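For reference, the structure discussed in these notes is given below.
The values are calculated or read from the model by the stated rules, or taken from the named source; none is laboratory data. These figures come from a predicted structure and were not determined experimentally. Using ideal geometry, Cβ is built from the backbone for each residue, glycine included, and neighbour counts are taken over all protein chains shown. Accessible surface is based on the protein model in full, side chains and every heavy atom, while ligands, DNA and RNA are left aside. Shrake-Rupley method; radii C 1.70, N 1.55, O 1.52, S 1.80 Å.
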Amino acid sequence: AEHHLRRKTMEQRLLLDSIPMAVWYLKDAETYGSVNQAFAQYFQSTPQDIAHHRLNEILCDEMLDHALASNRQVFASKQALHYEQWMQRGQMAPQYIAFTKTPKLDDQGEVEFVVCTATDITSTQQAHALLSMERDLHVELTATHSLAESLHLCLRKAIEAAQADCGSLYLVDEHDGSLHLQVHQGFPASFV
């Protein structure tokens with residue numbers, strides 16, 4: 001029986017650690033239970049180094065405040081919680097993360113523990129934003145009355161999409177292949 005239990009535990013651990021999304025459970029609002037490999041890797045750690053530790057030992061202050069607030073909400077409300085937020089760790093690029101926290105209730109209706117997942121949906125969020133910009137650009141372009149107005153609009157949207165401060169559009173002269181500045185934004189006059 002002990003061998004069978006050990007084997008089942010190992011199989012569950014193997015399955016849990018092969019999931020690419022972060023999975024963990026909370027013993028209470030401030031204490032981790034077990035965590036999977038994906039969760040531990042996010043913190044450049046191992047599951048054993050995080051399991052059964054308090055959140056304040058693992059998370060930076062900014063992450064800690066939000067995690068504690070949402071954890072307390074789930075434990076108090078006894079209802080599942082889903083939310084999304086931008087997160088940044090160190091010098092890494094910001095990530096848009098979808099969180100789900102689901103309470104497991106005991107026979108008396110009290111929260112026994114909370115199962116949590118976190119999935120990086122940055123590319124999905126960026127795709128939605130770009131699609132929205134594209135739709136807005138299409139609508140605005142249909143209302144323009146000149147090439148210059150259309151170019152200004154396209155430049156503004158390109159700068160917005162690139163999250164840049166400045167930019168310019170050039171047209172190629174079809175006779176000699178030279179470039180001619182048509183519109184610019186964000187550059188000082190002396191530079192232009």
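Descriptive notes on the structure:
- Condition met for His184 (more than 24 Å from Ala38 (Cα to Cα) and not in a strand (DSSP E or B)): no
- Selection from the range 84-105 of residues that are within 21 Å of Gln73 (Cβ to Cβ) and either among the β-branched types (Val, Ile, Thr) or open to solvent by less than 50 Å² (accessible area, probe 1.4 Å) (or both): Gln85, Met87, Tyr96, Ile97, Ala98, Phe99, Thr100, Lys101, Thr102, Pro103
- For the range 155-173, a tally of residues being in a helix (DSSP H, G or I) and among the charged types (D, E, K, R) returns 3.
- Failed item in (1) at pLDDT below 90; (2) more than 19 Å from the chain's Cα centre (by Cα); (3) not hydroxyl-bearing (Ser, Thr, Tyr), with Glu112 passing the rest: (1)
- Options Ala38, Ala51; residue that is closer than 15 Å to Ala118 by Cβ and surrounded by 14 or more Cβ atoms within 10 Å (Cβ to Cβ): Ala38
- Residue satisfying all of: in the range 14-35; at pLDDT 95 or above and assigned to a loop (DSSP other than H, G, I, E, B); surrounded by the most Cβ atoms within 10 Å (Cβ to Cβ) among these: Ala29
- Selection within the range 33-65 - of a type outside the set (Phe, Trp, Tyr) and closer than 18 Å to Trp86 by Cβ: Leu59, Cys60, Asp61, Glu62, Met63, Leu64, Asp65
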